[in-house]
Amino acid sequence: MAKDELQVLNALDVAKTQWYHFTAIVIAGMGFFTDAYDLFCISLVTKLLGRIYYTEGHDKPGSLPSNVSAAINGVAFCGTLAGQLFFGWLGDKMGRKRVYGMTLMLMVICSIASGLSFGKDPKAVMATLCFFRFWLGFGIGGDYPLSATIMSEYANKKTRGAFIAAVFAMQGFGILAGGMIAIIVSSAFKALYPAPVFQVNPVLSTVPQADYVWRIILMFGALPALLTYYWRMKMPETARYTALVAKNAKQAATDMSKVLQVEIEAETDKVQQLDTKRGNEFGLFSTQFLRRHGLHLVGTASTWFLLDIAYYSQNLFQKDIFSTIGWIPEAKTMNAIEEVYKIARAQTLIALCSTVPGYWFTVALIDKIGRFTIQLMGFFFMTVFMFALAIPYHHWTMKGNQIGFVVLYSLTFFFANFGPNATTFVVPAEIFPARLRSTCHGISAAAGKAGAMVGAFGFLYAQNGFGLRNTLIVLGVINFLGLLFTFLVPESKGKSLEEMSGEAEEEIATAIESAI
């Protein structure tokens, strides 16, 4: 197999872990850091937006109407879904690197723009916010298939899972940073502009300067993306795209010689030979793709879809759950900026204790125990903990039991991240052919975002319709379905990308044919 494989690909597969691996993780990971920051920081400021723009008299603080709240939380996901499909396809057509810069610039521009609004009228502010968050999501969507594909194509065989998972794990730091920036900004404004609590003075409890708080928090998302733009543009195109898709063996060898700092022979003849003899130029909608990878694509897309229903509904509505069980005080006992501070503090604590460690457990163990085992185990424990929260729900709402609820709730997050949230991202970047890899990852990720939209819109209406307890039971059932669909996904631990996608078999068949 090794002698029939292109030397440049073999060199990447057997390369020792080097400095360039870590720079690739940071460059691709900063995109994910920004993605998570931008997607999740909105949940920190939705209550503040309600107080500023939708005052409802003096009985209780203003809150966003449910349709506006659902739109603000969900519109970025609509953009993300569209971006994953579009940029995933474009990444296979134009090359990973050329599209990579576009997505980043779109994220930077829209992060800044979402903090600016046209007019002071609530409708104008919300419409502007939704418009720019849609396009922000579109840029974020492109980052999913491109970051995963670039990292999988750069990594070596032995530690590929850990490298792709490490890129995804930067999401945890993004969520953490969102909470920390919100804490810093709200603390500074709280100190500079003291205000009475709502029940003392409903009008003065929301100071005019509170309008800057949410804008600063949203606009900060542009900074990390901007810092990595230069390095993204300096990264060479991946050798697998250049050699297997663009058919330019010489360029692939030159690029990887610089990166790996070894001499690599440009096997132009072998690429041409593979090109003329190979029967693997099947497209996405061919029966050959359906026969080889159809079930795999169903597996990666369905597990990601089911996971994100549960994961995003939990994440976006943490603040409502914490308020329901009394972990965050009643809104009228706080002023507007203090409420942002309390919500951010609660979310940061959850991120620090369960979300971030979960990601890094996956990074440490994915190449030892395998993707399949981690995903199965994650879905299993998420199901168990969801039911443990839902069935004795009344017990958790009673005074003194809140800590138990928060611990179990944190454990569902821990096993989402040390489980399917990481593996659903890793596997689609490993099991499909090079020329369809980015597209298939985009399709799987878009299925995930469709799940996130079901979570964002559905959770809101489900909670209002049949209560939090029944909603948690439904989420438990969804997690169990995810466990069943995991059986459609193959294990890719320790195998090369070409072995997983079936391209290696074709190379051997081609070599035998040419020998005959």
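The values are calculated or read from the model by the stated rules, or taken from the named source; none is laboratory data. These numbers come from a predicted model, not from an experiment. Here the Cβ positions follow ideal geometry from the backbone for every residue, glycine too, while neighbour counts run over all protein chains shown. Surface areas here come from the heavy atoms of the whole protein model, side chains and all, with no ligands, DNA or RNA. Shrake-Rupley method; radii C 1.70, N 1.55, O 1.52, S 1.80 Å.
Could you say which residue among GLY141, GLY161 is small (Gly, Ala, Ser) and more than 30 Å from ASN10 (Cα to Cα)?
Just one listed residue meets the conditions, GLY141.
Going by the conditions given, is LEU307 modelled with pLDDT of 80 or more, farther than 28 Å from PRO194 by Cα, open to solvent by 10 Å² or more (accessible area, probe 1.4 Å) and not in a loop (DSSP other than H, G, I, E, B)?
No, not satisfied.
Residue check, ILE328 against (1) in contact (Cβ under 8 Å) with a residue 12 or more places away in the chain; (2) in a helix (DSSP H, G or I), all met but one. Which one?
(2)
I'd like to verify a number: residues in the stretch 104-130 that are part of a helix (DSSP H, G or I) and of a type in the set (Lys, Arg), how many?
Within the stretch 104-130, residues that are part of a helix (DSSP H, G or I) and of a type in the set (Lys, Arg) number 1.
Looking at the stretch 333-352, which of its residues are touching a residue at least 60 places away in the same chain (Cβ under 8 Å) and open to solvent by less than 30 Å² (accessible area, probe 1.4 Å)?
Within the stretch 333-352, MET334, ASN335, ALA336, ILE337, GLU339, VAL340, ILE343, ALA344, GLN347, THR348, ILE350, ALA351 meet the criteria.
Which one of the conditions (1) surrounded by fewer than 21 Cβ atoms within 10 Å (Cβ to Cβ); (2) closer than 28 Å to GLY174 by Cβ does VAL14 fail to meet, given that it meets all the rest?
If we test VAL14 against (1) surrounded by fewer than 21 Cβ atoms within 10 Å (Cβ to Cβ); (2) closer than 28 Å to GLY174 by Cβ, just (2) comes out false.
Given (1) at positive phi; (2) in contact with an Asp or Glu (Cβ under 8 Å, 6 or more places away or on another chain), identify the lone condition not met by PHE32.
Only one criterion in (1) at positive phi; (2) in contact with an Asp or Glu (Cβ under 8 Å, 6 or more places away or on another chain) is unmet by PHE32, namely (1).
Taking only the stretch 64-96 into account, find how many residues are among the hydroxyl-bearing types (Ser, Thr, Tyr) and either buried (at least 18 other Cβ atoms within 10 Å of the Cβ) or over 29 Å from ASN201 (Cα atoms) (or both).
Summing the residues that are among the hydroxyl-bearing types (Ser, Thr, Tyr) and either buried (at least 18 other Cβ atoms within 10 Å of the Cβ) or over 29 Å from ASN201 (Cα atoms) (or both) in the stretch 64-96 gives 2.
Name the pairs: first residue in the stretch 391-408 and free of Cβ contacts under 8 Å to residues at least 40 places away in the same chain, second residue outside any helix (DSSP H, G or I) and open to solvent by less than 80 Å² (accessible area, probe 1.4 Å), Cβ to Cβ under 8 Å, at least 6 apart or on different chains?
Qualifying pairs under 8 Å: HIS395/ASN401.
Between a residue in the stretch 378-389 that is touching a residue at least 40 places away in the same chain (Cβ under 8 Å) and within 18 Å of TYR359 (Cα to Cα) and any residue that is of a type in the set (Phe, Trp, Tyr) and not in a helix (DSSP H, G or I), which pairs come within a Cβ distance under 7 Å, given they are 6 or more apart or on different chains?
As it stands, the answer is GLY378/PHE418, since those pairs meet every condition given.
Only residues in the stretch 101-126 that are closer than 14 Å to ALA76 by Cα count as the first member; pair them with residues that are open to solvent by 10 Å² or more (accessible area, probe 1.4 Å) and of a type in the set (Gly, Ala, Ser), Cβ under 8 angstrom, at least 6 apart or cross-chain, and list the lot.
Pairs found: MET126/ALA71.
If you check every pair at least six apart or on different chains, which have Cβ atoms under 6 Å apart with a residue in the stretch 213-236 that is more than 13 Å from ARG133 (Cβ to Cβ) and aromatic (Phe, Trp, Tyr) first and a residue that is open to solvent by less than 70 Å² (accessible area, probe 1.4 Å) and part of a helix (DSSP H, G or I) second?
Taking only residues 6 or more apart or on different chains, the pairs are PHE220/ILE181; TYR229/LEU104; TRP231/ILE27.
This table checks each residue for (1) of a type outside the set (Val, Ile, Thr); (2) under 15 Å from the mean Cα position of the chain (by Cα).
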{"site": "ASN67", "(1), (2)": "yes, no"}
{"site": "LEU85", "(1), (2)": "yes, yes"}
{"site": "GLY88", "(1), (2)": "yes, yes"}
{"site": "MET126", "(1), (2)": "yes, no"}
{"site": "PHE132", "(1), (2)": "yes, no"}
{"site": "ILE140", "(1), (2)": "no, yes"}
{"site": "ASP143", "(1), (2)": "yes, yes"}
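Every residue, every condition in (1) under 28 Å from PHE432 (Cβ atoms); (2) of a type in the set (Asp, Glu), yes or no:
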{"site": "VAL185", "(1), (2)": "no, no"}
{"site": "VAL197", "(1), (2)": "no, no"}
{"site": "ASP211", "(1), (2)": "no, yes"}
{"site": "LEU223", "(1), (2)": "no, no"}
{"site": "THR238", "(1), (2)": "yes, no"}
{"site": "ALA253", "(1), (2)": "yes, no"}
{"site": "LYS258", "(1), (2)": "yes, no"}
{"site": "GLU263", "(1), (2)": "no, yes"}
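Suppose the filter is under 30 Å from TYR241 (Cα atoms) and part of a helix (DSSP H, G or I); does THR383 pass it?
No: the conditions fail for THR383.
Does GLY142 satisfy the criteria of being open to solvent by less than 30 Å² (accessible area, probe 1.4 Å) and free of Cβ contacts under 8 Å to residues at least 60 places away in the same chain? Lay out the reasoning, then the answer.
Details: open to solvent by less than 30 Å² (accessible area, probe 1.4 Å): yes; free of Cβ contacts under 8 Å to residues at least 60 places away in the same chain: yes.
Yes; evaluated as a whole, the condition is true for this residue.
In this structure, does PHE32 turn out to be touching a residue at least 12 places away in the same chain (Cβ under 8 Å), open to solvent by less than 30 Å² (accessible area, probe 1.4 Å), among the hydrophobic types (A, V, I, L, M, F, W, C) and closer than 30 Å to MET256 by Cβ?
Working: touching a residue at least 12 places away in the same chain (Cβ under 8 Å): yes; open to solvent by less than 30 Å² (accessible area, probe 1.4 Å): yes; among the hydrophobic types (A, V, I, L, M, F, W, C): yes; closer than 30 Å to MET256 by Cβ: yes.
So PHE32 fits the description; yes.
Within the group THR362, THR373, THR383, THR355, which residue is open to solvent by 30 Å² or more (accessible area, probe 1.4 Å) and either within 17 Å of PHE405 (Cβ to Cβ) or β-branched (Val, Ile, Thr) (or both)?
None of the others qualify; the one that does is THR373.
Considering every residue within the stretch 193-211, establish whether at least one is among the small types (Gly, Ala, Ser) and more than 24 Å from PHE118 (Cβ to Cβ).
yes
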